[in-house]
Amino acid sequence: MSDAASVEATILDILSETLDESVGDLRSHRVLAAYEWDSITSLLSLAQLESQFGVTLDLRSYHAARTVDDLVSLIVNHTSQGVPR
C-alpha cells in the first residue's frame, strides 16, 4: 500500500482514533501540535502505523514529522523503497 491517498486515509483513521478527533478536523488542521499530540499519543500512533503498514519506522524520522502530510510522506517513502521490517 504505497498509494498516497490510501496511506493518507489510513493515517487519518489511526490519528482520529488515537487523538479522539474527527477525520474532518484532522484534514482541516493537519499540524499535529494542534491536538493533544504528546509522547503517549505519538507512541500509540507509531505502534498502530507500524502494525497497519507492516513497517518499522526510524524513530527520529517519525518524531521529525510535524504534520499529517509529513507522516504520509514518511510511510509512502518507506513502503515504496521496500525497506524490510
Could you quote the convex hull projected area for the chain, Cα atoms only and averaged over all directions, in nm²?
4.7
Rounded to the nearest 500, what is the chain's calculated 222 nm mean residue ellipticity when only DSSP H runs of at least 4 contribute -39500 (n - 2.57) each, over all residues?
-20000 deg cm²/dmol
Check THR67: other-chain or 5+ apart residues with amide H under 5 Å from its amide H, H built from backbone geometry?
LEU32
Quick one: compute the contact order of the chain, relative version, from alpha carbon pairs under 8 angstrom and 6+ residues apart, as a percent.
41
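Only the coordinates and a few stated rules stand behind these numbers; no lab work does. Quantities reported herein were computed from a predicted structural model and do not represent experimental measurements.
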